[in-house]
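A quick write-up on the structure given underneath.
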Amino acid sequence: MRSCGLWLGAVLGLLVGAGSGRAQELELKYKMKPGQEFQYRDWLVLASQTFGEGVPEEARYQWETEALYQQRVVSLENGVYELENRTLSGKITTRFGDRERTEEMKEKSEVVTLDERGKVLGRKGENEEEERESEEKESLLDPNLILRVVDDVYENLLFPPKAVKIGETWIDRAEIQLTPENRVSVDLSSKVARLVKVRGRRCAEIKTHFVVPLKGSEEEETASAKASVEGQVVGDLTLYFDYEAGVDLVHLGEVRMILNTVMEMAGETQENQSKTKLRLKTVLQPEK
């Protein structure tokens, strides 16, 4: 995507202090109503580079997306929402070294059930068979590992079970599926940092920090190769949540991953390091 600094500055320019509210307690939960429809514009930028002996300087990988999607509240029963999420339009740009390719994003939809705290109870998409095939290929050496980690974090990111004060921390536990055989438990530490106004709406600025340890081994029988992998994913997410209407307004995130790999093949050992940075932004679009 474009300069992340530009869009970050633009979003923060919408924010106006709404008082510290130190003594105030907030009940954070979704309050959407059946029939409501929301449109969100979503941007994502991923940049990765690998360093090591024998690794060419142009071993750089970039992946950018911009999409517009619609969320419709199908039903609400006993505190459980059924939401239909539909991608309306979008594009994906991929760069590897000096090569670049842009393609239109496929239209797709899924139905998600979740409770008022944001706990995902179920998910059903149109391309379940393709998703199962991709899951079978999951690896610690997959360039999109950081995306899978962030997806799992958001699946487990919840509002607190009770009212909280400004600055009070709550912790959720996420089970991160790195590979079919490699699963780790991670603490997601969140707090309401302050109260602000976004486009005239009173919002809680909710900040979340997490660290995901990465450690494991990969074997490729056809090439008689074995790789030992160690590293971590560190993320900081921010949500501007309209706590009166119970609606997400803006999501911002910056996530970094470092992987150290030792590859053994044909009696030789090669070490390299990859660094990946991910920035994301999702913004509720104004009603027409």
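Side notes on the structure shown:
- Scope segment 40-75; condition among the charged types (D, E, K, R), exposed (fewer than 15 other Cβ atoms within 10 Å of the Cβ) and without any contact (Cβ under 8 Å) to a residue 60 or more places away in the chain; matching residues: GLU57, GLU58, ARG60
- Looking at GLY200, GLY216, just one residue is more than 30 Å from VAL262 (Cβ to Cβ) and surrounded by fewer than 20 Cβ atoms within 10 Å (Cβ to Cβ), and that residue is GLY200.
- Candidates are the residues of segment 219-234 that are surrounded by fewer than 19 Cβ atoms within 10 Å (Cβ to Cβ) and of a type in the set (A, V, I, L, M, F, W, C); the one that is farthest from GLU155 (Cα to Cα) is ALA223.
- Residues that are within 14 Å of TYR30 (Cα to Cα) and not hydroxyl-bearing (Ser, Thr, Tyr) were ranked within segment 76-90; the one that is surrounded by the fewest Cβ atoms within 10 Å (Cβ to Cβ) is ASN78.
- Selection within segment 155-183 - within 11 Å of PHE210 (Cβ to Cβ) and not in a loop (DSSP other than H, G, I, E, B): ILE171, ASP172, ARG173, ALA174, ILE176
No value in this document is a laboratory result; all are computed from the given coordinates. Worth saying up front: this structure is predicted, and the values here are computed from it rather than measured. No Cβ is skipped: glycine too gets one built from the backbone with ideal geometry, and neighbour counts run over all protein chains shown.
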